[in-house]
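**Student:** I'd like to ask you about the structure that follows.
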Amino acid sequence: MVACVGTGSATAQWPTEPILRIDSGTHIAAIRGIDADRAGRWIVTASSDKTVRVWNAQTGTPEQVLRPPVGEGQAGEVGSVAISRDGQLVACGEDTILKDVNSVYLFSRVDGRMLAAVHLESAAAVSVAFSPDGRMLAVGLGGMDGVRLFAIRGGGDPQMRRLVPIASDDKDYSESVPGVDFSPDGRWMVTASGGDMVRLYDMSGIGRTPAASLAPAIVRPSPDGGMMPRSVRFSPDGTRIAIG
């Protein structure tokens, strides 16, 4: 069962005809996203070959192939991926120049089933990150569409999982948002983007009231005006932020 939720009136039009592909056992195009669970048991990678792969972090062997819906050309190319800290859920996002095809998908790492999907209309998902408690998913968008938050609904029943938009989008960006992360305690969310190097959000009130607004508490512009950060991460103790 897949719950497909549209952010507007349009919904993603997935192909209905089978598309046959050869599985080589590994990625056959550039890896564009990577993440690991908190315990370091699994690594997930996203690729332009339209697959997400789960690897055993101890042995390096493949364990699962996650397959978002695909189409002709770029449709279905995956540009971002995240695994929940408990290692049970995997989120990935399409990042293409095509309009009206980009979506975010939620999978079960254990059996590879798609649990939920949400259509982003014309935006591309260039980064995704789970909150530490696994109840929220942050999506950094391409262009100047900013950052968007989804609540993961459905409790312990994976068949009922849904991605529900919460709070208002922060669209006050002049570039895409290729980096997003949560602090270990879930209090803060950080994004990296061209123009504004770091934006820090206080998440303490997000998701508790329907009218909550997503606005940065701290903005640190790029010191030389020419940096184009691509990734951002909190340190394990939450006191430092690394930018790539």
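The values are calculated or read from the model by the stated rules, or taken from the named source; none is laboratory data. Remember, predicted model here, so these are calculated numbers, not experimental data. Methodologically, a virtual Cβ is constructed for each residue, glycine included, from the backbone with ideal geometry; neighbour enumeration extends over all protein chains shown. To get the accessible areas, we keep the full protein, side chains included, count just its heavy atoms, and leave off ligands, DNA and RNA. Shrake-Rupley method; radii C 1.70, N 1.55, O 1.52, S 1.80 Å.
To keep it simple, each residue is scored yes or no on (1) at pLDDT 75 or above; (2) more than 20 Å from LEU106 (Cα to Cα); (3) touching a strand residue (DSSP E or B) at 6+ places or on another chain (Cβ under 6 Å); (4) of a type in the set (A, V, I, L, M, F, W, C).
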position: THR7; (1), (2), (3), (4): no, no, no, no
position: ILE19; (1), (2), (3), (4): no, yes, no, yes
position: GLY33; (1), (2), (3), (4): yes, no, yes, no
position: ALA39; (1), (2), (3), (4): yes, yes, no, yes
position: ILE43; (1), (2), (3), (4): yes, no, yes, yes
position: LYS50; (1), (2), (3), (4): yes, no, no, no
position: PRO68; (1), (2), (3), (4): yes, no, yes, no
position: GLY71; (1), (2), (3), (4): no, no, no, no
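**Student:** Select from segment 101-117 the residues that are of a type in the set (Val, Ile, Thr) and modelled with pLDDT of 90 or more and list them in ascending order.
**Tutor:** VAL104, VAL110, listed by residue number.
**Student:** For segment 165-179: of the residues being assigned to a loop (DSSP other than H, G, I, E, B) and of a type in the set (Gly, Ala, Ser), which is surrounded by the most Cβ atoms within 10 Å (Cβ to Cβ)?
**Tutor:** Once the filter is applied, the top-ranked residue is SER176.
**Student:** I need the full set of residues from segment 130-156 which are touching a residue at least 60 places away in the same chain (Cβ under 8 Å) and open to solvent by less than 10 Å² (accessible area, probe 1.4 Å), in order please.
**Tutor:** Matches in segment 130-156: SER131, GLY140, VAL147, LEU149.
**Student:** Here's a follow-up. Given the conditions (1) of a type outside the set (Gly, Ala, Ser); (2) touching a strand residue (DSSP E or B) at 6+ places or on another chain (Cβ under 6 Å); (3) at pLDDT below 85; (4) surrounded by fewer than 17 Cβ atoms within 10 Å (Cβ to Cβ), which single one is not true for ASP196?
**Tutor:** Evaluating ASP196 over (1) of a type outside the set (Gly, Ala, Ser); (2) touching a strand residue (DSSP E or B) at 6+ places or on another chain (Cβ under 6 Å); (3) at pLDDT below 85; (4) surrounded by fewer than 17 Cβ atoms within 10 Å (Cβ to Cβ) leaves (4) as the failure.
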